[in-house]
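The numbers here are math on the coordinates, done by the rules we state, and not lab data. Just so we're clear, the structure is a prediction, and the values are computed from it rather than from any experiment. FYI the Cβ positions are ideal-geometry reconstructions off the backbone, even for glycines, and counts take in every protein chain you see.
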Amino acid sequence: LPGKGNARSDSLNLFLAPKNLNRMRSNFRFCFMPQTKQEVPDMLEQQQPSNFKALLHGNFVDTSQRLFYPREEDRGIISRTILRMCSKYDILPDQIVHGDRETLLYWANALPMDVRERKQLELHIYLDR
C-alpha cells in the first residue's frame, strides 16, 4: 500500500502467503487479465496472454507492467480488504488496482466472504480497539 499512515502495518492488511509467492507478487497492482473479466479456470483453458506468466496456485504476473492477477479464491478477500483500507486511509483504489474501483467491486460481489475472512475481520476488529 502507498505510505499512508499505518496502512502498511494495519492488521487488516496482513496475510499469510508462501514466501516465494509474496516475493514474486512484489508491489505489483492487482488486475484482471487484459481485455477480459473471465475467471482463472476459463483463462487456463485458453492460451494466456504472452506477457502474463503463471505462478503458484493459479496466480499470474506481468512483470513488464508490474501487474498481478490473483487466484479466484483470493480475489474476494483481496478486494474487500483493499476497499476497507482505501476508505480507512484515504487511498485511491487505482494506486493498488490496475483499472478502477469496478475491478474491486466485481470481485467483492462475485466472491462472497467465507469463514476464514470472517475470522480475520473479527480478529482485526478486536485488535483495533
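With unit charges on the beta carbon (Lys/Arg positive, Asp/Glu negative), name the residue among Leu92, Pro70, Gln120 whose Cα is farthest towards the positive pole of the charge dipole of the stretch 66-129.
The listed residue farthest towards the positive side: Gln120.
If amide hydrogens are placed 1.01 Å from N in the peptide plane, which non-local residues have theirs closer than 5 Å to the one on Leu55?
Phe60, Val61
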